[in-house]
1. So what are region A:119-194's ellipsoid semi-axes, whole angstrom, largest first, if each one is the square root of 5 times an eigenvalue of the alpha-carbon gyration tensor?
2. Whenever you get a sec, compute what percent of the accessible area on chain A sits on carbon and sulfur atoms (1.4 Å probe).
3. Quick one, what does Rg over Rh come out to for chain A if you take C-alpha atoms and the Kirkwood Rh?
4. D for region A:329-417, whole µm²/s, Stokes-Einstein with Kirkwood Rh over alpha-carbon pairs at 20 °C and 1.002 mPa s: what number?
5. Report the full-extension gain for the segment A:V27 to A:D206: residue separation times 0.36 nm, less the Cα-Cα distance, to one decimal in nm.
6. Just to be sure I understand the model, the point goes 7 Å from the Cα along the line to the Cβ. What's the resulting A:M46 to A:E176 distance in nm?
7. Report the gain in length on full extension from A:F16 to A:R117: 0.36 nm times residue separation, minus Cα-Cα distance, nm rounded to one decimal.
8. Counting pairs of alpha carbon atoms under 8 Å apart in space and at least six apart in sequence, what relative contact order in percent does region A:181-316 give?
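The values are calculated or read from the model by the stated rules, or taken from the named source; none is laboratory data. A quick note: this is a predicted structure, and the numbers were derived from the prediction, not measured. Note that we place each Cβ from the backbone using ideal geometry, even for glycine, and neighbour counts take in every protein chain shown. The area values use the complete protein model at the heavy-atom level, side chains included, leaving out ligands, DNA and RNA. Shrake-Rupley method; radii C 1.70, N 1.55, O 1.52, S 1.80 Å.
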Amino acid sequence: MSRPLFQATPGTRDLFSPHTDRMWELVEVFRDEAMLAGFAQIIPPMFEDIAVFTRLGESTDVVTKELYDLEDNGGRRLALRPEFTASVCRAYVQERPLIPWKAWYAGPAFRQERPQRGRYRQFDQVGAEVIGSHDPDIDTEVIALAASFYRRIGLNQVVLLINTLGDQADRPRYLEALRGHFSADLDSLSEQSRHTLEANPLRVLDSKRPADADLVAAAPLLIDYVSDDAASAFQRVQGGLRALEIPFTIAPRLVRGLDYYTRTAFEFASSALDAAQNAVGGGGRYDGLVADLGGPEEPGVGFALGVDRTLLACDSEGVFDPQPASPQVWVVAATAGTEALQLTAELRRAGLSVNRSFDGKSMKAQMKAANRSAAPVAVIVGDQEVADDTVSLRLMQGDGNQAVVARREMVSKVKELLQL
RNA sequence: GUGGCCGUAGCUCAACUGGUUAGAGCAUCGGGUUGUGAUCCCGAAGGCUGGGGGUUCGAGUCCCCUCGGUCACCCCA
């Protein structure tokens, strides 16, 4: 077998029907949940001035090495969005909707990294952001939105991990302590982590390398270094989650990969996923980001959920498997005229979903196609029917009852058969 | 960017330590039914075994290169 001349570029893929149906359905459920919670949809552009994203942080891989950057004809430097949060904040600064502004979104994002299971260069996210409120109850509400979404699509084995990262002002003291801790035993740290320690000590806590496990486990905890304000906000979020009966686990070493997070950070992980990429969603508070993008000092909090990973989790839990709808009617053409064309159009005008075969297939082939389509009713038009101004209606289930009806009664008879 | 595994029909896979003409299931098309589906029976079509080089009397099988896929590290959704 020779490979096709062109293939989808690495990390991208063509999604076909049962999968695309699921995706739409998933977004539909998310949309419904978001609207119930008072979020309005935003559709930001897929690319932005590259600076919008580079503001996200010098030590964030997502912007330092994974960004798709492009140059337009005018020499403008653009980048495909690696996530939505920065775009949403930029849009807020630009348009200044009333606060607190609650926005949800769905769409693709792009990162240039090595693809693997559950990680693609173009991937879909759904998410929600709230800009303009410090209230920790908003954090809880945002988490609750994600949680009820997971519940509604049927996922049970999703665990919520939460942590607080404190305020920007708390950061230096903690980083100091972290550096001290790791530097004291640099030799037992993996080489990669030594690198990470230089660039961003926080991220060392994220290391999954076995070599680092002991040292990471013994590291000082963020919670001991955060301001009273941030600590009590964290308490409030926990209390809110308990009040809503949303189970959670405190993960004192959860730091997340984007630099802009402050205070509440959270992650949803699927315990049903044995792949390495088991984080199905994540988010947190980003109180300095809007200002970093040139806006007012407005706080923000939000999350993004990975559509593909969520679907993978659904696969391994065996839930959320909506089937593509089959047509209600299959038209079988056993005549050379244009009758099949007309009948099909007429049925569709009546609001029925209709499909048929083309290319002069044999009747047998058309019946097979009708059967395969799972359409409950076949409308057959041949020379005899044309001559008599009738059509034959065949019930495709059971013994295949068939009846000849007058052409002008076709629509009502079909609807009768479909019990509409 | 680094490493492991894998490339055989449209899809999923066979082919003993290298040995004639590379097989099967599903799907497709045709026939059994000159206008009738799932089932059943018969048949057809479909392959430069990813590509290139090498070893050998002989390579799908062994070696090298290359391209591609995949999983993992890193990082993240």
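1. Working: eigenvalues 224, 86, 34 Å².
For region A:119-194, the semi-axes come out at 33, 21, 13 Å.
2. Solvent-exposed carbon and sulfur of chain A make up 49 percent of the total.
3. Dividing the radius of gyration by the Kirkwood radius yields 1.12.
4. 169 µm²/s
5. My answer for the length gained is 61.4 nm.
6. Roughly 4.8 nm, to one decimal.
7. Net length gain for the segment: 34.6 nm.
8. 16 percent
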